[in-house]
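The values are calculated or read from the model by the stated rules, or taken from the named source; none is laboratory data. Keep in mind the model is a prediction, meaning the values are calculated, not measured. When we count neighbours, we look across all protein chains shown, and the Cβ atoms used for this are built from the backbone with ideal geometry, even at glycine.
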Amino acid sequence: MSFKEKHHQIFTVGLTGGIGAGKSTVGRVFETLGIPRFDADKYAHHIYRNDENVRTQVVEKFSSEVAVFNLGGEIIDIDRAKLGAIVFENEEALQFLNDLVHPAVRLGFENWLAKIPRNIPYVIREAAILFESGSEKGCDCVINVSADERVRIKRAINRDGISDSNVRNRMSRQFSDTQRANRSDFTIFNNPNDKLLTQIINIHEVILARSNEG
């Protein structure tokens, strides 16, 4: 009897990594192997655009400076760059935002998972703060993506257009690489000279075997 037959659910693999580690790159490679991926960070963006209640609470907490308006003056989205500049400088503000958004993201994942065909061997649940949010509790195993700090900082600066100090501050709000690695089943190293595809395929084969264990 397989895992899915015993537990009536699809084997779920958490995928995480600190800012600039390249977890989304890794997630996209798993997708090319036929593994569905739920991107929690991307879904949070979807919530800002589509959940008026969440938008309202964010604006009430952080002011209209973080709001995106349409031509009619209605709030239609949240400026994530401005919001991030606030919450990553204030632990209480970050906790408020996490408490507001994470339950909606969790529900979104559950709804997404319910639509996945049962012949899929496993799915990826990708989240930057998988451990910090407690989302690893719903995963059967976890993959951590790691890279040298200088590599991560350079990637984040180039991708997000933020300063070195801003990147380091965001890093300080997340688990360290050591903390993530110690709580994960696998770690993928994603520095420029690391053989990323080989690592992913090896882990993929192990997870396929594990998800079909009797």
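Does Gln179 meet the test of being surrounded by 13 or more Cβ atoms within 10 Å (Cβ to Cβ), touching a residue at least 24 places away in the same chain (Cβ under 8 Å), of a type in the set (S, T, N, Q) and assigned by TED's automatic domain parsing to the domain that holds Thr32?
On the way: surrounded by 13 or more Cβ atoms within 10 Å (Cβ to Cβ): yes; touching a residue at least 24 places away in the same chain (Cβ under 8 Å): yes; of a type in the set (S, T, N, Q): yes; assigned by TED's automatic domain parsing to the domain that holds Thr32: yes.
In short, yes.
Looking only at helices (runs of 4 or more DSSP H) that lie completely in the stretch 1-86, which have at least 1 residues being in contact (Cβ under 8 Å) with a residue 40 or more places away in the chain and within 19 Å of Asp185 (Cα to Cα)?
Numbers: elements: 3-7, 23-32, 40-50, 52-62.
So the answer is 3-7, 23-32.
Somewhere in the stretch 124-145, is a residue hydrophobic (A, V, I, L, M, F, W, C), without any contact (Cβ under 8 Å) to a residue 40 or more places away in the chain and surrounded by fewer than 19 Cβ atoms within 10 Å (Cβ to Cβ)?
The initial filter retains those residues of the stretch 124-145 that are hydrophobic (A, V, I, L, M, F, W, C), namely 124, 127-131, 139, 141-143, 145.
Now narrow it down to the ones that are without any contact (Cβ under 8 Å) to a residue 40 or more places away in the chain: none.
Checked against the condition, which is being hydrophobic (A, V, I, L, M, F, W, C), without any contact (Cβ under 8 Å) to a residue 40 or more places away in the chain and surrounded by fewer than 19 Cβ atoms within 10 Å (Cβ to Cβ), the stretch 124-145 yields no hits at all.
For the condition surrounded by 13 or more Cβ atoms within 10 Å (Cβ to Cβ), touching a Lys or Arg at 6+ places or on another chain (Cβ under 6 Å) and either at pLDDT 90 or above or outside the structural domain of Asn158 (by TED's automatic domain parsing) (or both), what is the one hit in Val87, Val66? Even if it seems obvious, please write down each step before you answer.
Working: Val87 fails: touching a Lys or Arg at 6+ places or on another chain (Cβ under 6 Å).
Of Val87, Val66, the one residue that is surrounded by 13 or more Cβ atoms within 10 Å (Cβ to Cβ), touching a Lys or Arg at 6+ places or on another chain (Cβ under 6 Å) and either at pLDDT 90 or above or outside the structural domain of Asn158 (by TED's automatic domain parsing) (or both) is Val66.
Only one of these is closer than 17 Å to His45 by Cα, among the aliphatic types (A, V, I, L, M) and not assigned by TED's automatic domain parsing to the domain that holds Asn212: Leu130, Leu97. Name it. It would help to see each step written out before you state the result.
Details: Leu130 fails: not assigned by TED's automatic domain parsing to the domain that holds Asn212.
Selected residue: Leu97, the only one of Leu130, Leu97 that is closer than 17 Å to His45 by Cα, among the aliphatic types (A, V, I, L, M) and not assigned by TED's automatic domain parsing to the domain that holds Asn212.
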